[in-house]
Amino acid sequence: MHTERAVGRRPQGALISIFLNTGNAPLWRRLGDSIRTAVTQGVLAPGARLPSARSLAADLHVSRATVESALGELEAEGLIERRMGSGSFVSPLAGRDLRPASPARAPPRSVPRPPALRALSERGRQLVAWGSPVLPNMRSAFTLTPPAEDFPHAVWAKLASRCLREGGAALALELDPLGHLPLRQAIAQHLRTNRGMHCAADNVLIVSSTQEAFVLSAHALLSPGDEVWMEDPGYPGATGAFRMAGAQIVPVPVDADGLRVEDGVRSAPHARLVYITPSCQFPCGVTLSRERREALLHWAEASGAWVFEDDYDSELRYAGLPLAALHAHDGGARMLYAGTFNKTLFPSLRVAYLIAEPDTVRDLATIRANFGGPPAAWVQATLAAFLDEGLLGAHVRHLRARCEERRAALLDAAARELGARITIHAGDTGQHAVGWLARGEDGDAAVSQRARAAGLDVPPLSRYVLAHPQRPALVIGYTSATPAAIRTAMRTLAHCLSSGTN
């Protein structure tokens, strides 16, 4: 047991937490033992500055004489150093046992080890098993991230400054559960112009990411046991979100024309929801054909299923204009559409959106209050200005040209360095390609592991498979590095292939 008398200070950036343990010993000795324990446990590092005697006395509600007695004993032991005019510091030699042996005083009690963390629940263990592996943060020539150096950071900073200056306290206090109204209006205009969608501000819910949109929709629309069609191979973040809601995942295979709708109807004709990436299927990079779009919408209307369209990377189309969104073909009451600015602008922005019917949007906003709220209003206001002034369109055009250049560099480098050992498929849309391994090569997981050891981030396609095995392949991003870096990385990847067969 201990009292709640504690001091929390930040001398020279170091956090100190000192508690006075209860007991029969004098106050000055209990204080000395508390500081000593903080040092031996590493809470106070060698060289750390302690609060002044005056501050300690005031914060712990003890006399200054008590503090001086405690600090004096610690100084005599060599555990702290007291410097005239500067304060008290933990000795640089504090890691050693500097206390002289004293028969008159028993050695301090050893601090008990903290109890082991409680085991996860059965549900928690399932979620860990279902989730995609958490890998160290890594950036290489093949990492799936946009070219961060191309974003107009100076322009963004000026817009943010202007919004904060003009918005002031209003933005600081704004907590609209649907999101900042000017941003929702700007997004609706953007989707009408660029994606052929019929929507207004009351169709838009601002979220932090498409992952939040998955989790929110899953909890709002699905009951435990409901069947959900998932592309196979497909995006594990969406699969995990629907599993968390207790849904029964129905893997539906993907081929060159996208989701095999007839296989989904055969496996689960009464599914509650289908998740789909029609513009650029992840991870295979194919586009859902017109015939299958029509078949999917016909089935969904007849069965009353929800259709969740994840329209990531649709702006980055290199052959012709971007395809119309699936939502634009129907726009029915049971259509959900998610888009994000985190991929086209910068990943740490944390602003995305979910499009649905107004009643559904309001219900989702109400439910979202249990998870959190929209991003900061000043960030949303800055993004709204970015859209209103035409800067998003200009940036996307520049980004598309840069990504197309790097896509060409990837294909050229692969032809030079890999020959027939990997067949690269780089679709007309997106930021990544699929490298199909030739027969005789090691499995994709083994090649991916060797590549990672060499500093390359090329996930195996098998990581995204649910039930239908695929040929071994690697998922290769091409937008995060210059053409020169891509060529160098491709030579490294070629070595990772050959090293497995030597």
Lys/Arg Cβ at +1, Asp/Glu Cβ at -1, dipole of the chain taken about the Cα centre: which of 355, 454, 369 is farthest positive-ward? 454
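Taking the number of other C-beta atoms within 10 Å as the exposure measure, put 293, 471, 334 in order starting with the fewest.
Ordered by Cβ neighbours within 10 Å, fewest first: 471, 334, 293.
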Can you say what percent of the DSSP beta bridges in the chain, counting only those with both residues inside, are antiparallel? Round to 5. 65 percent
May I have the extent of the alpha carbons of region 278-414 along their three principal axes, as whole Å values ordered from largest to smallest? 48, 43, 25
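Kindly put 297, 44 in sequence by how many other C-beta atoms sit within 10 Å of each C-beta, fewest to most.
Ascending Cβ contact count within 10 Å gives the list 297, 44.
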If a/c stays under 1.5 just call it rounded; otherwise compare a/b with b/c (prolate if a/b is bigger, oblate if not). Do that for region 149-393, with a ≥ b ≥ c from the square roots of the Cα gyration tensor eigenvalues. prolate
Under the rule a/c < 1.5 gives rounded, and otherwise a/b versus b/c splits prolate from oblate, where does region 360-466 land using the Cα gyration tensor? oblate
Residue farthest toward the positive end of the dipole of the chain, with Cβ of Lys/Arg at +1 and Asp/Glu at -1: which of 303, 318, 199? 318
In degrees, nearest ten, helix 358-368 long axis to first principal axis of the chain (Cα): 30 degrees
Sorting check: for 379-389, 225-235, which peptide has the highest mean count of neighbouring beta carbons within 10 Å, and how do the rest follow? 225-235, 379-389
Which angle from 0 to 90°, rounded to the nearest 10, does the C-alpha axis of helix 391-417 make with the longest principal axis of the chain? 80 degrees
Gained length - residue 291 relative to residue 359, 0.36 nm times residue gap less alpha-carbon distance: 21.4 nm
The size of the Cβ-based charge dipole (Lys, Arg +1; Asp, Glu -1) of the chain about the Cα centre, to the nearest 20 debye, is 2160 debye
What is region 153-264 by shape, rounded, prolate or oblate, if you read a ≥ b ≥ c off the alpha carbon gyration tensor as root eigenvalues and call it rounded for a/c under 1.5, prolate for a/b larger than b/c, and oblate otherwise? prolate
Taking neighbour counts of Cβ atoms within 10 Å as a proxy for exposure, in what order, fewest first, do 267, 88 appear? 267, 88
The long-range amide H neighbours of residue 255, using H built 1.01 Å from N in the peptide plane and a cut-off of under 5 Å, are 260
On Cα atoms only, tilt of 64-77 relative to the major axis of the chain in degrees: 90 degrees
Normalised convex hull volume, the chain, alpha-carbon set, Å³ per residue: 220 Å³
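We did not get these values from a lab; they are worked out from the coordinates using the rules stated. Computed from a predicted model, the values in this text were never measured in an experiment. Neighbour counts are summed over all protein chains in view; Cβ atoms, including those assigned to glycine, are modelled from backbone coordinates with ideal geometry.
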